[in-house]
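Reviewing the structure listed below.
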Amino acid sequence: MINIWKVAPHRQQRLIGEQTVNKITSIGYFWESNLKRMKIEKFDKKFKDESGYRIVRRFRYGIKNKDYIIAGGGSKIFAMGQVSGHYKYNNNLNFSQTWPVRWDLALFDGVKIDDLKIPTRIKNEVKKVLLRQDTVIEMNITTKDYQKIMYSAKLADDFPSLRNKIVAGLTRSPVYEQEVVVLFTKLREFDDRLRKIKFINTGMQSGLDAWVIDGNCTKYLEWESNIWAWFLVRGHIEQLKDEDEDCIFVCWSCNPEVKKRIEKNGYEVIEIYRVLKKYQTKIKCKT
């Protein structure tokens with residue numbers, strides 16, 4: 001019998017790139033324990049009182065060759081694929097407990113479950129499982145359900161040209177400020193608005209703060225990964241107002257309501273998400 005499993009990437013998608021590039025799924029428990037030849041009875045006796053015991057037990061002894069993996073968590077799916085071999089311990093990776101996977105779908109920015117056009121029964125089950133804190137858990141769906149999810153995920157994907165690709169060294173959307181800078185620099189080749197921004201590093205400790213020379217106007221350039229809540233920028237905006245500084249917020253994405261509040265305060269927001277979406281067919285990628 002073929003089963004479908006949720007395996008959550010570390011902190012949502014931060015390590016999904018390592019997994020899709022190396023064609024594996026992995027978890028970060030028992031780093032120094034090679035479980036390849038260990039029988040389940042011995043595993044239970046040795047690790048039953050250890051943190052992560054149930055998660056590793058499901059991962060090592062629950063998953064089987066030919067099972068399907070949905071890599072996701074929270075509200076998003078990031079990749080989907082089928083197990084293509086047997087468990088392997090690999091201490092050259094961030095997470096050493098692994099299974100080989102043939103990734104049929106690796107999404108650059110993932111897709112939200114609510115955006116998928118699938119039957120309510122399937123959607124509710126997937127949402128329930130992805131929202132759970134368990135890193136590894138079996139899903140109560142069929143292989144036909146899995147195929148419906150994958151088909152719908154392809155339709156909902158905002159970056160079809162970037163599937164299973166490496167963009168400016170990234171295999172998934174930015175989760176760090178430095179990665180936003182990388183994409184910003186890459187996209188200046190295509191976008192007139194970005195090209196007009198000439199930034200000079202100010203030598204701040206983060207190495208990311210810069211002054212923007214925009215015509216005759218000098219502005220402060222503030223890098224963010226995802227601005228999903230007002231409190232993330234409120235303090236900074238108050239400081240900018242106190243110091244009478246102008247600023248452009250450059251981020252991967254910004255909550256629409258938060259963006260309105262930022263703009264209402266007189267500051268510009270550039271979402272690299274929207275720029276990349278526009279020019280995704282022009283940017284050079286690696287496979």
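A few comments on the model shown:
- Packing here is the average count of other Cβ atoms within 10 Å per residue, and on that basis the peptides 139-146, 48-55, 63-70, highest first, run 63-70, 139-146, 48-55.
- Checking the cross-link pairs LYS112/LYS165; LYS23/LYS278; LYS165/LYS278; LYS127/LYS278; LYS198/LYS286 against a 24 Å limit on the alpha carbon distance flags LYS23/LYS278; LYS127/LYS278; LYS198/LYS286 as lying beyond it.
- Translational diffusion coefficient (Stokes-Einstein; Kirkwood radius from C-alpha pairs) of the range 131-194 at 37 °C, 0.692 mPa s, in µm²/s: 219 µm²/s
- Nearest-20 debye value, the range 86-135 charge dipole, Cβ charges on Lys, Arg, Asp, Glu: 180 debye
- What the phi angles of the range 158-163 give under the Karplus curve with 6.51, -1.76 and 1.60, with θ = phi - 60°, is a coupling list of 7, 10, x, 6, 10, 4 Hz, glycine and proline written as x.
- Compared with the alpha-carbon gap, the fully stretched path from ARG193 to LEU131 is longer by 18.5 nm at 0.36 nm per residue.
- Dipole in debye (nearest 20) - the chain, about Cα centre, beta carbon charges: Lys, Arg +1; Asp, Glu -1: 1880 debye
- Projecting the Cα atoms of CYS254, ILE283, LEU162 onto the charge dipole of the chain (Cβ charges, centred on the Cα centre) puts LEU162 farthest toward the positive pole.
- Amide H to amide H, with H built 1.01 Å from N, GLU268 comes under 5 Å of CYS247, PHE249, counting only residues 5 or more places away or on other chains.
- Residues whose amide H lies under 5 Å from that of ASP104, counting only those 5 or more places away or on a different chain, are MET80, GLY81, GLN82; hydrogens are built 1.01 Å from N in the peptide plane.
- Under 17 Å from LYS128, Cα to Cα: aspartates and glutamates that are on another chain or at least 8 residues apart: ASP114, ASP115, GLU138, ASP145
- Its alpha carbons considered, the chain gives a radius of gyration followed by a Dmax of 21.6, 72 Å.
- Counting every C-alpha pair in the range 41-118, the share spaced more than 18 angstrom apart comes to 54%.
- Table column - 3J(HN,Hα) (Hz), the range 94-99, Karplus curve with 6.51, -1.76, 1.60, x for Gly and Pro: 4, 10, 8, 8, 9, 10
- Among the listed pairs LYS196/LYS260; LYS76/LYS219; LYS88/LYS144; LYS66/LYS282; LYS66/LYS123, those with a Cα-Cα distance over 26 Å are LYS76/LYS219; LYS88/LYS144; LYS66/LYS282.
- Charges were assigned to the Cβ only: +1 to each Lys and Arg, -1 to each Asp and Glu. The resulting dipole of the range 4-158 about its Cα centre is roughly 520 debye.
- Size descriptors for the range 83-164 (Cα atoms only): Rg and Dmax, in that order, 14.5, 41 Å.
- Sequence-ordered 3J(HN,Hα) estimates for the range 43-53 from the Karplus curve with 6.51, -1.76 and 1.60 and θ = phi - 60° stand at 4, 4, 5, 7, 10, 4, 9, 8, 5, x, 3 Hz, glycine and proline given as x.
Quick note: the coordinates plus some simple rules give every number you see, no bench work behind them. This structure is a prediction, so every number in the text was calculated from the model and none was measured. Methodologically, a virtual Cβ is constructed for each residue, glycine included, from the backbone with ideal geometry; neighbour enumeration extends over all protein chains shown.
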